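The values are calculated or read from the model by the stated rules, or taken from the named source; none is laboratory data. Please read all numbers here as calculations on a predicted model, not as lab measurements. Neighbour counts run over all protein chains shown; Cβ positions are idealised from the backbone, glycine included.
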């Protein structure tokens, strides 16, 4: 079996443009990245460290522990090279596993074909050695083996996460066009909110931004809402280590006296959904929910608060409809009622953004799925500048 304390190469993956915020999280946990790319960060860590990362990271997608890097010229070589690995050191013959592949090689234009070849190689090795084979499938609720293959270089990993970490597990009612939890976390980190000043979220929808703000401010991590990870199905896993890390994580939860997080929406149903999600996350009592037009949202007097909009913006240019007037009203609201705050609008439509009528101090790049978006920052000065 593999030594869970042995350090090796680890790749923590994330959505495109999330890497600066993932790096921030890793540093806060005491890890030191070795290299940073647009969609992943590499570091040296143990499998027990991977458990720690899986439970704590808000902006990550997967935590991958490398088994081996090797030369792989063509698709015909996959079976032979993979079968040669000592898989019995990593998996038990009764362990269910799945395979994920990311391929950029002219001899293999179908990742599903690669998945099958990898599965066949592992299964046949077990069958020949033990007379029995593990079960396999596409569901990622057991062990997960991941192959990255670009041109002639390949790396095989244990995916210690399984299902993506980008969904944090508390949102049972998504509502209309919800923001991915990891995206909400990344944008809040990008806002530099201090976790103590007011956080005001008009147009809250299903409440993801307000909930993530409450979770971050009070030291609640995504691992609280999940109890199944792929690392649990790797030989050498020690349940006691996981429980110790989880207990330490639970002990990080803290009270923040005077914290005010305000979430409003004109839709009573949206607010009900947001309350339900906040209840599952354990932060309903920390958020002040209001059913009102965004212009009537409560904005506490403060010189360092954050007001954060995530309005509709249409999926394609030209779908603005009546949203232009809404964006203008958002600008008026921030200028007239949010003096002293840092204002933020997350949008994928820069034509509409011009209707806000305020000068941006920053334009921070994100993707929402495949939509090129910006987190626009506005300094809302009191009185005359």
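Is it fair to say residue 167 is in a loop (DSSP other than H, G, I, E, B) and either more than 28 Å from residue 266 (Cβ to Cβ) or in contact (Cβ under 8 Å) with a residue 60 or more places away in the chain (or both)? Lay out the reasoning, then the answer.
On the way: in a loop (DSSP other than H, G, I, E, B): yes; either more than 28 Å from residue 266 (Cβ to Cβ) or in contact (Cβ under 8 Å) with a residue 60 or more places away in the chain (or both): no.
No; evaluated as a whole, the condition is false for this residue.
Kindly evaluate residue 121 against the criterion of being buried (at least 22 other Cβ atoms within 10 Å of the Cβ) and modelled with pLDDT of 95 or more. Let's see the steps before the verdict.
Values: buried (at least 22 other Cβ atoms within 10 Å of the Cβ): no; modelled with pLDDT of 95 or more: yes.
So residue 121 does not fit the description; no.
Could you tell me whether any residue of the range 165-177 is surrounded by 20 or more Cβ atoms within 10 Å (Cβ to Cβ), under 22 Å from residue 331 (Cα atoms) and modelled with pLDDT under 95?
Scanning the range 165-177 turns up no residue that is surrounded by 20 or more Cβ atoms within 10 Å (Cβ to Cβ), under 22 Å from residue 331 (Cα atoms) and modelled with pLDDT under 95.
When the residues of the range 277-301 are narrowed to those that are more than 28 Å from the chain's Cα centre (by Cα) and crowded, with 16+ Cβ neighbours inside 10 Å, which ends up nearest to residue 197 (Cα to Cα)? Spell out the reasoning first.
We begin by selecting, within the range 277-301, every residue more than 28 Å from the chain's Cα centre (by Cα); these are 291-293, 295-301.
Adding the requirement that they be crowded, with 16+ Cβ neighbours inside 10 Å leaves 297, 299.
Working: 297: 16, 299: 11 Å.
Checking each candidate, the answer is 299.
Being within 15 Å of residue 166 (Cα to Cα) and surrounded by fewer than 18 Cβ atoms within 10 Å (Cβ to Cβ) is the filter here; which residues of the range 3-22 pass it? Outline the logic, then answer.
From the range 3-22, those within 15 Å of residue 166 (Cα to Cα) are 12-19, 21-22; that's our starting set.
Hit for the range 3-22 is 16, nothing else.
Looking for whichever is in contact (Cβ under 8 Å) with a residue 24 or more places away in the chain and closer than 20 Å to residue 189 by Cβ here; the options are 352, 376, 358. Which one fits? Talk me through it step by step, then tell me what you get.
On the way: 352 fails: closer than 20 Å to residue 189 by Cβ; 358 fails: closer than 20 Å to residue 189 by Cβ.
Exactly one of 352, 376, 358 is in contact (Cβ under 8 Å) with a residue 24 or more places away in the chain and closer than 20 Å to residue 189 by Cβ, namely 376.
Pick out, from the range 46-146, the helices (runs of 4 or more DSSP H) lying fully within it that include 1 or more residues that are closer than 23 Å to residue 2 by Cβ and within 28 Å of the chain's Cα centre (by Cα). Before you say what the answer is, go through the steps one by one.
On the way: elements: 47-56, 78-83, 111-130.
Hits in the range 46-146: 47-56, 111-130.
Look through 283, 234, 241 and report the one residue that is touching a strand residue (DSSP E or B) at 6+ places or on another chain (Cβ under 9 Å), more than 30 Å from residue 357 (Cα to Cα) and not assigned by TED's automatic domain parsing to the domain that holds residue 210.
Working: 283 fails: not assigned by TED's automatic domain parsing to the domain that holds residue 210; 241 fails: touching a strand residue (DSSP E or B) at 6+ places or on another chain (Cβ under 9 Å).
Every option except 234 fails the conditions.
Which condition number does residue 240 fail, the rest of (1) over 16 Å from the mean Cα position of the chain (by Cα); (2) farther than 19 Å from residue 260 by Cβ; (3) part of a loop (DSSP other than H, G, I, E, B) being met?
Just one mismatch for residue 240, condition (3).
Is the range 147-163 home to any residue that is without any contact (Cβ under 8 Å) to a residue 40 or more places away in the chain, crowded, with 22+ Cβ neighbours inside 10 Å and over 30 Å from residue 275 (Cβ atoms)?
No; the residues of the range 147-163 include none that is without any contact (Cβ under 8 Å) to a residue 40 or more places away in the chain, crowded, with 22+ Cβ neighbours inside 10 Å and over 30 Å from residue 275 (Cβ atoms).
If I ask for residues that are surrounded by 18 or more Cβ atoms within 10 Å (Cβ to Cβ) and closer than 19 Å to residue 328 by Cβ, which ones from the range 359-379 would you list? Give the derivation first.
First pass over the range 359-379, keeping only residues surrounded by 18 or more Cβ atoms within 10 Å (Cβ to Cβ): 364, 366, 368, 373-378.
Matches in the range 359-379: 374, 376, 377, 378.
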